[in-house]
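Let me begin by presenting the structure, written as structure tokens, before commenting on it.
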Amino acid sequence: MSHTASKIHADKAAIFCKDEDRVNWHSKALWLLREKRDRAASSLPEWEQLRQLGSEIKLHTLTNLAKYLEMFEQNCQANGIQVHWAKDAAEHNEIVHGILSHHQVKKLVKSKSMLTEECHMNPYLEERGIEVIDTDLGERIIQLAGQPPSHIVVPAIHLKKEEVGELFHEKIGTEAGASDPTYLTRAARAHLREQFLSADAAMTGVNMAIAEKGAVVVCTNEGNADMGANLPKVQIHSMGMDKMVPNLDSAAVLLRMLARNATGQPVTTYSSFYRGPKAGGEMHVVIVDNGRSNMLKDKILAESLKCIRCGGCMNTCPVYRRSGGHSYNYTIPGPIGIAVGAQKDDTNSIAWACTLCGSCTQVCPTKVPLDKIIHHHRRLKAEAGNLPYGKRSYMPVVGKVMGSAPMLNTSMAMARTALRILPGSLLKPFAGAWGKYRELPVAPKSSFEAWYKKNRS
Amino acid sequence: MKIALFIPCLVNQMFPEVGVATLELLEKLGHEVILPEGQTCCGQPMTNSGCYEDAKKTTLKLLNAFKGVECDAIVCPAASCLVAAKENFHEFDNSPEAQVVIDKLYELTEFLHDVAPIAEFKKPFPHKVSLQMSCHGIRMLSLATPSENMSLQRHNKVEAVLSQIADIEICYPERRDECCGFGGTFAVDEGAVSAKMSKDKAYFHYETGAKYVVGFDPSCLMNIDGMIRRQKLPIETRHIAQVINEAL
Ligand code: SF4
């Protein structure tokens, strides 16, 4: 157990919480996005209807996924796109490497892809002599810092501008001590432009794949997907098979919500539709399963595949905002990260990194029932004997005590007495985390039942 | 009406005054109130942790306490226990008798708003109160439209009930329905994050300048109270039943 001990969510979160100023700043920055989202969403009187529609579109597609995937493949091929299927991360990486080595690619520019993070593609390609450059500003920052993303939409949200300034000074030669965001962004742009011009192939993630058209949609704010896709000869788009939508109309419904729910923008600055290779070029789409069809088999878990990756649930999540994305041990953090990552979590802790407050479910544009899914994960884990360490020992005891009125009454009476007569300092260590941070409740002399017997019967 | 009280274990053992206030206020409103025997916990601590097997016996014991009890409604002064009871009863027993019990379950505020509204408050409550819009009551029981929801039709049953009291001043903390960080065993298992959430919540309530934090969920109030006292903030927690009872 000891080698995984430090990976437990609560332990990692506790480290993040030690710097309270940073927690406050992190929590506020993300809450600001939640507030922008509220304003943007409330500007559409039909918002709640859109959510309902979005949920139904995704459910419909997932229920008929085989049909739409087939339709998509055929239409892609008709458009001159080469379609590949990967059952897991390893296959995905091999396919991509195959395409790249066929064209003797030395440098790949990449944008907007949590999927390649999920597949750990960068190190795989780098080991094989291919340089991979992330081109979104945020993604480039964490790539230079050698860190994984901590958020799916704002991947470097955990870094302050001063820290970015230092990093840029070291890696791309900006002035020492400079932290002005405009200056840093300009420097990054110039740096990235060189990368675009010298790349041999480009890769992007996919926000939506349109079955009826054989097209993929990529949303960015910096236009970097277009820069990448339009410059080199080879373009690759990797997508989870859950990204499918039936037609343009359904894509339009989701596009109206995606950016609004993410950052409060009416729509992302660039929403690019790719439906065929450029003249003389090649376009590839890699469709990845990697556990998704397994999730589809469980009715509750299946709904996590309705997610359109807006990040709204992270921004509203009170736990995520105070524990940071890196505490989740998974590429995707926060509520949706638990929903899609709990099965892969060998620490068996992230499913419990949630108060089940339900804010995420209410904020989600496609009505992914996140709290229900997280609760369900706990049940699956418990049934498989994978409770977190502490719970394994105390839950059966709690169950027994609570189930027996005499036992409950006796133990609570003892606790009340203890709370009343023992000094707090003696009790606090026993009351664990509660007593460490809070005052223990002031215990009453008797229970309500006892009062009732005396006064009403 | 004839009302059976559902007094969850936390209220019974730690907050008898909330039980007393609930009973007294319902009696003042002219209802006949009974307390069915043999009530224990709703099983929430176990089911929330995923331990359904450990919860079963407890939950069924509570359900049995209400089965066959003659009454018009079963009223509970704790939103999250009520939500858990409803869900767990359903989970472990799908008999028609269980459904009869489930259909009669009401959280106190819900009952006072939807079923038997208060005609008149006799006394004023001349204080500023900061409402604690606890998660389960808001998002699972729909006591108010959650802040995430953009429906054009909005409601707030808690405010609707309290605002009829003379001289009461109602306000809300910043991030009005953000979770207080209790989450049952979460407070123990995820101590640091839970504590930070509770600390923020306590400060947001304090910053309103209110005299009381008023809520409908004793567990959240217990959590906030523990943090208020640790941080030595000049504000106190009160259950909605206590405020209503004082004003009747
Ligand atoms: S689960 Fe919903 S809110 Fe969270 S990222 Fe996905 S679509 Fe957005």
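The values are calculated or read from the model by the stated rules, or taken from the named source; none is laboratory data. All values reported here derive from a predicted model rather than from experimental measurement. Glycine gets a Cβ as well: all are built from the backbone with ideal geometry, and neighbour counts include every protein chain shown. Ligands, DNA and RNA are excluded from the accessible area calculation, which covers all protein heavy atoms including side chains. Shrake-Rupley method; radii C 1.70, N 1.55, O 1.52, S 1.80 Å.
Observations on the model:
- The fraction of accessible area contributed by carbon and sulfur in region A:1-98 is 55 percent, rounded to a whole number (1.4 Å probe; ligands and nucleic acids excluded).
- Heavy-atom accessible area ranking, 1.4 Å probe, most first, across A:LYS445, B:LYS123, B:LYS157: A:LYS445, B:LYS123, B:LYS157
- Rounded to two decimals, the Cα-based Rg/Rh of chain B, with Kirkwood Rh, is 0.95.
- Protein accessible area in region A:219-311, 1.4 Å probe - carbon and sulfur %: 54 percent
- Centroid-to-centroid separation of region A:313-374 and region A:61-88 [C-alpha atoms, Å]: 30 Å
- Relative contact order [Cα under 8 Å, 6+ residues apart], chain B, whole percent: 21 percent
- A cysteine counts as unpartnered when no other cysteine's C-beta lies under 4.7 Å of its own; in chain A this applies to A:CYS17, A:CYS76, A:CYS119, A:CYS219, A:CYS307, A:CYS310, A:CYS317, A:CYS354, A:CYS364.
- For chain A, relative contact order (Cα pairs under 8 Å, six or more residues apart, normalised by length) works out to 21 percent.
- Solvent-accessible area of A:ILE15 with every protein chain in place, 1.4 Å probe, in Å² to the nearest 10: 110 Å²
- Surface accessible to a 1.4 Å probe, per residue, for the residues of region B:177-248, Å²: 27 Å²
- Cut-off 14 Å between beta-carbons: net charge of the residues surrounding B:VAL83, Lys and Arg +1, Asp and Glu -1: -3
- Semi-axis lengths, Å, region A:208-329, gyration tensor of Cα atoms, sqrt of 5 times eigenvalues: 27, 19, 15
- Flagged links, alpha-carbon separation over 23 Å, of B:LYS104/B:LYS201; A:LYS12/A:LYS297; A:LYS445/B:LYS61; A:LYS297/A:LYS372; A:LYS28/A:LYS171; A:LYS453/B:LYS67: B:LYS104/B:LYS201; A:LYS12/A:LYS297; A:LYS445/B:LYS61; A:LYS28/A:LYS171
- For A:ARG456, solvent-accessible area (1.4 Å; no DNA, RNA or ligand), Å²: 100 Å²
- The B:MET1 and A:ARG456 beta-carbon pair, evaluated with R₀ = 22 Å, returns a calculated FRET efficiency of approximately 0.80.
- Amide H within-cut-off set for A:MET208, under 5 Å, with H built and near neighbours excluded: A:VAL217
- Rg/Rh for region B:1-42 stands at 0.97; both radii use Cα atoms, and Rh follows the Kirkwood definition.
- Taking only the C-alpha atoms of region A:1-160, the Rg (one decimal) and the largest Cα-Cα distance, Dmax (whole number), read 20.6, 56 Å.
- C-alpha long axis of helix A:47-63 to longest principal axis of chain A, angle in °: 70 degrees
- Prolate/oblate/rounded call for region A:72-203, Cα gyration tensor, a/c under 1.5 rounded: prolate
- Chain A: equivalent-ellipsoid semi-axes (sqrt of 5 x gyration tensor eigenvalues, Cα, Å): 45, 26, 21
- The share of C-alpha pairs in region B:44-140 whose separation exceeds 16 Å stands at 63 percent.
- Between A:GLU439 and B:MET227, B:ARG229, B:ARG230, the built amide H atoms are under 5 Å apart, and every one of these is 5 or more places off in sequence or on another chain.
- Near-label residues of region B:224-243 by backbone N, under 17 Å of a point 7 Å along Cα→Cβ of B:CYS171: B:233-238
- Within region B:1-93, GluC sites (Glu not before Pro) in DSSP loop having at most 14 other beta-carbon neighbours inside 10 Å: B:GLU37, B:GLU70
- Distance violations [Cα-Cα > 30 Å] among A:LYS18/A:LYS243; A:LYS306/B:LYS157; A:LYS110/A:LYS213: A:LYS18/A:LYS243; A:LYS306/B:LYS157
- Estimated buried accessible area (total), pair A and B, 1.4 Å, Å² to nearest 100: 6200 Å²
- Relative to the longest principal axis of the Cα atoms of chain A, helix A:20-42 runs at roughly 70 degrees.
- Taking amide H as placed 1.01 Å from N in the peptide plane, B:GLU169 has its amide H under 5 Å from the amide H of B:HIS127, B:LYS128, B:VAL129, each at least 5 places away in sequence or on another chain.
- Annotation: per residue accessible area for region B:9-69 equals 33 Å², rounded to a whole number [probe 1.4 Å, protein chains only].
- Accessible-area composition of region B:83-165, carbon plus sulfur, in percent [1.4 Å probe]: 49 percent
- Rounded to 10°, Cα long-axis angle of helix A:370-383 versus longest principal axis of chain A: 70 degrees
- Each of A:HIS103 and A:GLU56 was given a label point 7 Å from its Cα along the Cα-to-Cβ line. The distance between the two points is 4.1 nm.
- Long-range tail of P(r) for region A:233-305 (Cα pairs > 21 Å, %): 47 percent
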